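Input: a single structure, listed below in structure tokens.
The values are calculated or read from the model by the stated rules, or taken from the named source; none is laboratory data. Every value quoted in this text rests on a predicted model; they were computed, and no experiment measured them. Using ideal geometry, Cβ is built from the backbone for each residue, glycine included, and neighbour counts are taken over all protein chains shown. What goes into the accessible areas is simple: the full protein's heavy atoms, side chains included, and nothing from ligands, DNA or RNA. Shrake-Rupley method; radii C 1.70, N 1.55, O 1.52, S 1.80 Å.
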Amino acid sequence: DSVIIGLRNANNGYSQGVYTSTDGGLTWQVSGFNPTAIGWGGLGNTGRVNVVVVSPFDSKTIYVGTDRGIYKSTDFLNSFTRLMTSGNYMQIEFHPTNPNTIYAYDRNNPNKDVVRKSTNGGASWTNSNTIPGNNGNTNGRIKVSPVCPNCVYFASNNGVWKSTNGGVDFTFLSNPNTGAQGFAVSDQDTTQMIYGYVDLFASANSGQAFTQRTWWSSGNSNHTGSSYIH
């Protein structure tokens, strides 16, 4: 019944802290990640929380990606260690089988075209080689799949890439040519992927090609009753 949310000011996107609920959302408590405790200078006035992820290996270990680096808690959000003091971290993913290996994406220079990797729980980080053809697009998404533990998948508005050596090198697969606001790789069969923004595109051949599956406009000639999403 535990739920974790990042609360932000709707006017400017600044964080008002990370909150938790242990009764399915009936009541909420501010966690140790709040602007006063971490020194962001005031409630909702500075700093943005982009992503909160819980380790699949230990539910007390939680990482928070922000526009001021990455924070880590090992006591379920009561206290935090600041792993990196700079960067705008939009994505954090865990290696499927190794609890100490983490992948992250920083949309700031000079990291726009790389995936960052830690093999010691976030204490230190290295960069992948340049992702060819990303060309500075900052809408990066990272995915992994337990059926291919050494694979790392990266998507942006400029396409989809795959690494087979744990995020060192990335090979371009294809470009669905639509916004990558959503991207996923199957946990059971990595030939299956979905990618999209307003419309959804799917691949059944490991990302070599994507086919549009939904149409947001009911007036589109391709629209059928079950393929309308908006």
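The count of lysine pairs in the chain with alpha-carbon distances below 17 Å, taking only pairs 8 or more places apart or on different chains, stands at 7.
Expressed as a whole percent, the accessible area of the chain that falls on carbon and sulfur atoms is 44 (1.4 Å probe).
Anisotropy class assigned to segment 60-159 is oblate, per the alpha carbon gyration tensor with a/c at or over the 1.5 cut-off and a/b no larger than b/c. Rounded, prolate or oblate: which one fits segment 91-230, using the alpha carbon gyration tensor with axes a ≥ b ≥ c (rounded when a/c is under 1.5, else prolate when a/b beats b/c, else oblate)? It is prolate, given that a/c is not under 1.5 and a/b is the larger ratio. What segment 1-117 shows is 47 Å² of accessible area per residue, with the surface traced by a 1.4 Å probe over protein heavy atoms. Three semi-axes describe the equivalent ellipsoid of segment 4-83; taken as square roots of 5 times the Cα gyration tensor eigenvalues and ordered largest first, they are 19, 15, 11 Å. Surface exposure of segment 161-206, expressed per residue as accessible area with a 1.4 Å probe, stands at 47 Å².
Per residue, the average separation of C-alpha pairs within less than 8 Å and at least 6 apart gives the chain a relative contact order of 9 percent. Each peptide among 35-46, 95-106 gets the average number of other Cβ atoms lying within 10 Å of its residues, and from highest to lowest they stand as 95-106, 35-46.
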